[in-house]
């Protein structure tokens, strides 16, 4: 599986979906438009400065609040390669897998990584390397069933296979 | 082996004798739900799956409620996508403006959810239906798309935390205060991935409207579902509404709980959640002077008839403070009409409130009461996150209907007994 590399953007605990994408922008589901407002109420400069490959690193309960899939979609569309958090809210966790946004649960990484650190993520092994500080962290393993969804390329492709719409 | 009510409902829908916390199960769904924000994305994904028809046109419910009546052109386009899909698929349960309601007020009222059923909805407050002794949880749009096609979904069986409420609720203290108090105790991730089972004599004595308010906010503690054991109150509520067979499940006496919390609520005061977290809760006596610019009474949390009655009891013969806008939003058309018949709407209008057609509107900062920078609102809604009701520098305080009504009269957050 691929390795991801980028700078870390640090956020705190309980980052809610209104912070990730405020409801005033939910009158569209266009990923490019959502991306322009990603994290706006937490850091208004984020969407303008984030670079492709960058990584969001946050504390406990990332993505709490609403079920809006616009939240992981906005993060993915603004070029963020993965989200690392101490823990995730459950609907956000499902949504991220379903749309193919890689997420990793690692309290150590959430504590060790600082704003702007250069981070490398090996999704296959769940290893997170902090290139700036020379540290390595382990992420919680992804349940095998979730791995199947990722391997299929998201939930929709997984369902298509189940229904015999695609060759396996 | 013994099981909780949540485990029993999941086992029954998975076709298994028993399930255990942590187990992944594929379950049959009795009902799936989407709204004008989540359904358009789900419909797009549904088309990608490549099936022609939803699994059952009587079990897919679409309720445009968030940005309706359409607040702008983009919202109108989204609502149109939902409307056209409902017609194309011949859905029995599509609810148009003028005949609709806020989804989580509407579905129980219309008898679309019943005890023992398994409901998923692309809206986080789908957990509301646990008040009827059902398993209900929120998911995203892609999960909704898959469930619309398959009539099934995979779920992880959650461990259960049991909450037992003892004592006697004091006057002006209700379901909203109880759930805010509980979230204040366990935090916004205190029940993350878990089931919250609400039990005890206080719950047994609580009306269905109060129970719906409590189960509604389970997600605010991170829970997968909130659930109340079905009883006489449940049966009286569904009588005449639910016309299909249903099943009552109860936790076994020796069911395993991850934790058990016992609360004596006899001395409980009305609760207020300060910005910007539903867990940032204080009793009304410790609120201090907080001047407000707006009060909102409504939403899927507190937009039911009993909530409006409670607000009207405070507002009768009173005037809304000259510096305050009071917005009252009945949860459904039926609630609106009942409030009209009972004279509640007249009380609100006489007090100087604006009364709106049912909509989620201001709760999520959509429309019908957006806040400017520096403005403060007391609301009977469910979230007070940064920017939730408008400008990121505005503030939302959460309470029950009585406190919101009293605050509207006095221009500051106040207890109902201060208005006399």
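Some points to look at:
- Any strands (runs of 3 or more DSSP E) falling wholly within region B:242-286 and containing at least 2 residues that are surrounded by 13 or more Cβ atoms within 10 Å (Cβ to Cβ) and touching a helix residue (DSSP H, G or I) at 6+ places or on another chain (Cβ under 6 Å): B:271-273
- The residue that is nearest to the other protein chains (Cβ to nearest Cβ), among those in region B:164-188 that are surrounded by 24 or more Cβ atoms within 10 Å (Cβ to Cβ) and closer than 27 Å to residue A:15 by Cβ, is B:188.
For every residue, the table says whether it meets (1) out of contact with any strand residue (DSSP E or B) (no Cβ under 7 Å at 6 or more places or on another chain); (2) more than 21 Å from residue B:270 (Cβ to Cβ).
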site	(1), (2)
B:336	yes, yes
B:343	yes, yes
B:384	no, no
B:405	no, no
B:414	yes, no
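- Test set (1) more than 10 Å from chain A (Cβ to nearest Cβ); (2) in a loop (DSSP other than H, G, I, E, B) - residue B:346 fails condition number: (2)
- Only listed residue being modelled with pLDDT of 95 or more, more than 24 Å from the chain's Cα centre (by Cα) and either closer than 30 Å to residue B:417 by Cα or not assigned by TED's automatic domain parsing to the domain that holds residue B:164 (or both), chosen from B:289, B:268: B:289
- Looking across region B:61-84, the residues that are more than 9 Å from chain A (Cβ to nearest Cβ), surrounded by 22 or more Cβ atoms within 10 Å (Cβ to Cβ) and either under 19 Å from the mean Cα position of the chain (by Cα) or over 24 Å from residue B:30 (Cβ atoms) (or both) come down to B:61, B:62, B:63, B:64, B:65, B:68, B:79.
- Applying the criterion of at least 2 residues that are in the same structural domain as residue B:139 (by TED's automatic domain parsing) and under 19 Å from residue B:105 (Cα atoms) to the strands (runs of 3 or more DSSP E) found wholly in region B:153-229 leaves B:225-227.
- Restricting attention to region A:151-167 and to residues that are assigned to a loop (DSSP other than H, G, I, E, B) and surrounded by fewer than 16 Cβ atoms within 10 Å (Cβ to Cβ), the residue that is nearest to the other protein chains (Cβ to nearest Cβ) turns out to be A:165.
- Scanning region B:88-100 for any residue that is within 17 Å of the chain's Cα centre (by Cα) and either within 14 Å of chain A (Cβ to nearest Cβ) or crowded, with 18+ Cβ neighbours inside 10 Å (or both) turns up at least one such residue.
- Candidate set from region B:364-394 (those that are under 25 Å from residue B:104 (Cβ atoms) and part of a strand (DSSP E or B)); member that is nearest to the other protein chains (Cβ to nearest Cβ): B:390
- Identity of the residue in region A:32-57, buried (at least 17 other Cβ atoms within 10 Å of the Cβ) and over 18 Å from residue B:392 (Cβ atoms), that ends up nearest to the other protein chains (Cβ to nearest Cβ): A:35
- Filter result (within 20 Å of residue A:40 (Cβ to Cβ), touching a helix residue (DSSP H, G or I) at 6+ places or on another chain (Cβ under 7 Å) and within 12 Å of chain B (Cβ to nearest Cβ)) within region A:75-98: A:85, A:92, A:95, A:96
The values are calculated or read from the model by the stated rules, or taken from the named source; none is laboratory data. All figures in this text were calculated on a predicted structure; none of them were measured in a lab. No Cβ is skipped: glycine too gets one built from the backbone with ideal geometry, and neighbour counts run over all protein chains shown.
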